[in-house]
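In what follows, a single structure is set out as structure tokens and then discussed.
The values are calculated or read from the model by the stated rules, or taken from the named source; none is laboratory data. Just so we're clear, the structure is a prediction, and the values are computed from it rather than from any experiment. Reconstructed Cβ throughout: ideal geometry from the backbone, glycine too, with neighbour counts over all protein chains shown.
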Amino acid sequence: MQDTLQEIGPDSKPLTIFEEWMASAKATPGIREPTAVNVATVASDGEVHSRVVLCKKWSEEGFVFYSNYRSRKGLDLAAHAQTALLFYFDPLFRQIKISGKAEKTSRQDSENYWRSRPRESQLSQYISNQSAPVDSRQELEDQWHAAEQKFTGRDIPCPEHWGGYLIRPRTIEFWIGRPNRLHDTFEFEKDQAGWTFRRLSP
Ligand SMILES: Cc1cc2nc3c(=O)[nH]c(=O)nc-3n(C[C@H](O)[C@H](O)[C@H](O)COP(=O)(O)O)c2cc1C
């Protein structure tokens, strides 16, 4: 796998590299959630928060995850769109860092993804007041069962406060660990002309 890194250079396309690495991660035993990515955000008071989400799709436009817009991350992203994503594939000893700005995906996109989810997951998201305190597990389960009854025989609507974020990348950095710690780091930076490539010191 490491040999493919020799091919990363000024003519490489970061999305192609990302897709190759993601395919490798998905094919590697021991990576439970290859699309799990850490998302860092900055609150309005400057405090930094991070958490893991699942990156559900990617394209030239950017990287998409779904969440609750009223959650801590939602409030942070409303205050500061700047965010950083971090994938780490431990068995491959590879890391991908992405920085950029987040924007909400279209309502249509959020509803399409919502409809693709298992009903049980929809119920959990429907009742979740994500990041807010709850008294007990029982309270959550009671709310879940109440919603299950309420929507018997009906579709569960996608809440207005639930949907996708698209992170449009400004930089994408690929890192691969080497046994001698002389690691390889390649950064792509986007401007109006396209991507600029540079190797960074490890
Ligand atoms: C493997 C994994 C996947 C997760 N996927 C998501 C996700 O796709 N969307 C989401 O909102 N939270 C997801 N979570 C939960 C978040 O890490 C976090 O606890 C939650 O979104 C609340 O974060 P916040 O209070 O910082 O907004 C996931 C957690 C883990 C460990």
Exercise. Check whether at least one residue in region 69-81 is in contact (Cβ under 8 Å) with a residue 24 or more places away in the chain, touching a helix residue (DSSP H, G or I) at 6+ places or on another chain (Cβ under 6 Å) and not β-branched (Val, Ile, Thr), and report yes or no.
Key: no
Quiz item: Going by the structure shown, is residue 193 aliphatic (A, V, I, L, M), loosely packed, with under 13 Cβ neighbours inside 10 Å and either over 30 Å from residue 30 (Cα atoms) or over 17 Å from the mean Cα position of the chain (by Cα) (or both)?
Solution: yes
Quiz item: Does residue 12 satisfy the condition of being over 16 Å from the mean Cα position of the chain (by Cα) and assigned to a loop (DSSP other than H, G, I, E, B)?
Solution: yes
Quiz item: Here are some residues: 116, 99, 110. Which one is at pLDDT 95 or above and surrounded by fewer than 16 Cβ atoms within 10 Å (Cβ to Cβ)?
Solution: 116
Practice problem: Tell me which of these residue 68 doesn't satisfy, since it passes every other one: (1) away from the ligand (no atom under 12 Å from the Cβ); (2) surrounded by fewer than 19 Cβ atoms within 10 Å (Cβ to Cβ). | Solution: (1)
Exercise. Write out, first by first residue and then by second, each pair whose Cβ atoms fall under 7 Å of each other, whose residues are 6+ apart or on separate chains, and whose first residue, in region 148-162, is under 19 Å from residue 68 (Cβ atoms) and assigned to a loop (DSSP other than H, G, I, E, B) while the second is at pLDDT 95 or above and among the small types (Gly, Ala, Ser).
Key: 158/110
Quiz item: Does region 164-175 contain any residue that is farther than 27 Å from residue 24 by Cβ and away from the ligand (no atom under 12 Å from the Cβ)?
Solution: no
Exercise. Please list, ordered by first then second residue, the pairs with beta carbon atoms under 7 Å, 6 or more apart or interchain, first in region 10-37 and within 22 Å of residue 167 (Cα to Cα), second loosely packed, with under 11 Cβ neighbours inside 10 Å and not basic (Lys, Arg).
Key: 15/60
Quiz prompt | Leading residue by the ranking (farthest from residue 96 (Cα to Cα)) among those in region 6-60 that are more than 16 Å from the ligand (Cβ to nearest atom) and β-branched (Val, Ile, Thr) | solution = 28
